[in-house]
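Report on the structure given below.
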Amino acid sequence: VTTDHLISDVSNGTLLSGGIDSTIITYYANKVSKNKINSYCVKSIDDNFDESRYAEKIARKIGTDHTTLDFSRSEFFDELKNIHKVYDEPFGDSSQVPTYLLFKSVKNNIKVALSGDGGDEIFLGYNRYLYLNNYYNKIKFLNKNVRKIIRTFLDSFSEEQINKISNIFNLQYFNLGNKISKVSSSLNFETLEDFYYQIIRQDCNFENIVKNTNFLKSNFFKNIIFEKNLTNLENFQKKDLDTY
């Protein structure tokens, strides 16, 4: 971040989650700014996803003028009725609600906000990058029937059951049931592109949302074509930058 990034006809600030990317941007923005930078974070209604305590520690360390926005459950759910008017297309990331509430709340204080979005795609911040690369190289040689047997075994456990087992044995894997579910689905891959899609998917049950599921699936898979001059890892990164 340089002073050029802070040139603006309107007031600006940063979105600080306490993670590496937003922390670095906030640190340097505050360092080069003539005035103390305003930083903002939303307190989640779910403690498992709440990053505000980390953001507050970082803000105190950096010395920003920090604000933690705390919204009630009713505010969260009331805004769901208006979300579709704001986003340009169907958007499945649950962070859209707190992000929308954040922008709506700070728009009277700042007009421009720097954030850490894009850092994970560029610097391999997502766990799935190492997982995709290592896991695919190990299972691509497995016979499809062997993969089917493994998948049948994994599918015999529900996500809830796996999470309970994880808690009993104090395994340090957040939402392990969902991760195992994705592993199971990925065992059914035909191509590397198909494997990538199975890992990044949130929910393949399109039939719960729209009628013409075959049309949606065929078009989505046609759009996932990896470039031959790139490594698998580079293709994963590029596709995330293009679509995520």
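No value in this document is a laboratory result; all are computed from the given coordinates. Owing to the predicted nature of the structure, the values given are computational and were not obtained by experimental measurement. Positions of Cβ are generated from backbone atoms using ideal geometry, with glycine treated the same way; all protein chains shown enter the neighbour counts.
Over 31 Å between Cα atoms, which of Lys179/Lys228; Lys111/Lys228; Lys34/Lys85; Lys43/Lys164 qualify?
Lys111/Lys228; Lys34/Lys85
Residues whose amide H falls under 5 Å from that of Val42, counting only those 5 or more places apart or on a different chain, are Leu69, with hydrogens built in the peptide plane. Our estimate of slack between Asn48 and Lys107, defined as 0.36 nm per intervening residue step minus the Cα-Cα distance, is 18.5 nm. Expressed in nm to one decimal, what extension gain is obtained for the pair Tyr87 and Asn35 from 0.36 nm per residue of sequence separation less their Cα-Cα distance? Answer, rounded to one decimal: 15.5 nm.
May I ask you to derive the FRET efficiency for Tyr135 and Ile7 from their Cβ-Cβ distance with R0 = 35 Å, giving the value to the nearest 0.05? Given R0 = 35 Å and the Cβ-Cβ separation, E is 0.20. With a cut-off of 12 Å between beta carbons, the residues surrounding Asp120 carry a summed charge of -3, where Lys and Arg count +1 and Asp and Glu -1. With the highest mean first, a sort of the peptides 127-138, 35-46, 111-122 on other beta-carbon atoms found within 10 angstrom per residue produces 35-46, 111-122, 127-138. Comparing the chain with the 2.2 N^0.38 Å rule of thumb, its C-alpha radius of gyration ratio is 1.18 (two decimals). Using the Cβ of Ile20 as centre and a radius below 15 Å, the other residues enclosed give a net charge of -3, where K and R count +1 and D and E count -1.
In Å³ and rounded to a whole number, note down the convex hull volume per residue for the Cα atoms of the range 116-199.
Working: hull volume 9.6 nm³, N = 84.
Dividing the Cα hull volume of the range 116-199 by its residues yields 114 Å³.
Distance from the Cα centroid of the range 1-80 to that of the range 108-140 is 19 Å (rounded to whole angstrom). Measuring nothing but how far apart in sequence close Cα pairs (under 8 Å, 6+ apart) lie, relative to its length, the chain scores a relative contact order of 16 percent. Rounded to whole numbers, the Karplus 3J(HN,Hα) couplings from phi for the range 180-186 are 5, 4, 5, 4, 4, 5, 5 Hz, using 6.51 cos²θ - 1.76 cosθ + 1.60 with θ = phi - 60°, and x at Gly and Pro.
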